1. Which value, in nm² and rounded to one decimal, describes the direction-averaged projected area of the C-alpha convex hull of the range 215-276?
2. If amide hydrogens are placed 1.01 Å from N in the peptide plane, which non-local residues have theirs closer than 5 Å to the one on residue 227?
3. Write down the accessible area per residue of the range 139-194 in Å², having rolled a 1.4 Å probe over the full set of protein chains.
4. Please name which of 165, 239, 258 has its Cα lying farthest along the dipole of the range 155-276 towards the positive end, using unit charges on Cβ (Lys, Arg +1; Asp, Glu -1) and the Cα centre as origin.
5. Taking the Cα of residue 272, stepping 7 Å toward and past its beta carbon, and measuring to each backbone N in the range 146-167: which are under 17 Å?
6. Using r as the Cβ-Cβ distance of residue 223 and residue 170, and R0 as 22 Å, what FRET efficiency do you calculate, to the nearest 0.05?
7. So, counting K/R as plus one and D/E as minus one, what does the shell of residues with Cβ under 15 Å around residue 195 add up to?
8. For 177, 244, give the ranking by accessible area with the largest first, probe 1.4 Å.
Amino acid sequence: GGGADRQPPAEFDNLFRSGPGGEPPAAATAYLPRFQEQPQNGYQQPPAYTPPPTSYDHHDDDGGGRGGRGRSKVPLIAAVGIGIAVLGIGAGALLSGGGGGSDDASKTVAASASATDGSSSAAADPAKAQAVALDKLLADSGSSRASVINAVAQVKQCKDLDGSASDLRNAAQQRTELVTRLSKLAVDKLPDSAELSTALTKAWQASANADNHYAAWADQAKDKHGCRKGQARTTGQTLAGNRESGTASSQKVKAAALWNTIASKYGLTQRQPTQL
């Protein structure tokens, strides 16, 4: 009937002007005349009524007498459908792009966490940390060895007795300090830690005792009959020094074996008994 030629109200025309760039799609608007134009069948178009957007949903079931208006909703439905499709494509692009970024970020965070975990696990190894600390202490333990050997040789030849006695007492003090430092050092995570700590303590205490005995021997050598034909007479201090020196040597052999096992495991400096 003539209702098929009726045109949609002007507000429908405006719906098609919200396309990309603000321009109406040509196919959607080319056939839409302005509202002021009269239908060809002579039927007077009622005044324009602009209901709220939600009101169109309530006219879906209008009777046959209002069928023209029902058909006029087709462009609106098409416009809404196009809008939804565009939104769907945009949302899909955002989701796919955002998802990729999220995955990349997750991979980066995971890789960083893995690398951090690897480095932190090595740094947090308590046994290795204790081994490194003990290695630094052992590096200081042999520093007075040369001066002690030289001082004892001087005393034996009755030379520089005062200087030799001073060097020996300084060495004894240094070895006593090693024992004190070791007592404050945590070594409980190291293999055979108790045996190693005991061996080092006994070795350094014996060395300190030996140094003090040899220093006392130097004092005796300064007496009127302390030296004979360029040689210091052997005294009880000499024998005590030799005895303590022997104890120190045997304990250093034991300590070196225990330490070198640890040093090999953690890539630290291995040491001979005489270097302790």
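1. 5.3
2. 233
3. Per-residue accessible area for the range 139-194 comes out at 55 Å².
4. Of the candidates, 239 comes out farthest on the positive side.
5. Once the point is set 7 Å along Cα→Cβ of residue 272, 146-150 turn out to lie under 17 Å by backbone N, inside the range 146-167.
6. 0.45
7. Numbers: positive: 189, 202, 252, 254; negative: 188, 192.
Neighbour charge sum, excluding residue 195 itself: +2.
8. Result, largest first: 177, 244.
The values are calculated or read from the model by the stated rules, or taken from the named source; none is laboratory data. Just so it is clear, the model here is predicted, and its values are computed rather than measured. Positions of Cβ are backbone-derived with ideal geometry, glycine not excepted, and every protein chain shown enters the neighbour counts. Surface accessibility is based on the protein's heavy atoms, side chains included, excluding ligands, DNA and RNA. Shrake-Rupley method; radii C 1.70, N 1.55, O 1.52, S 1.80 Å.
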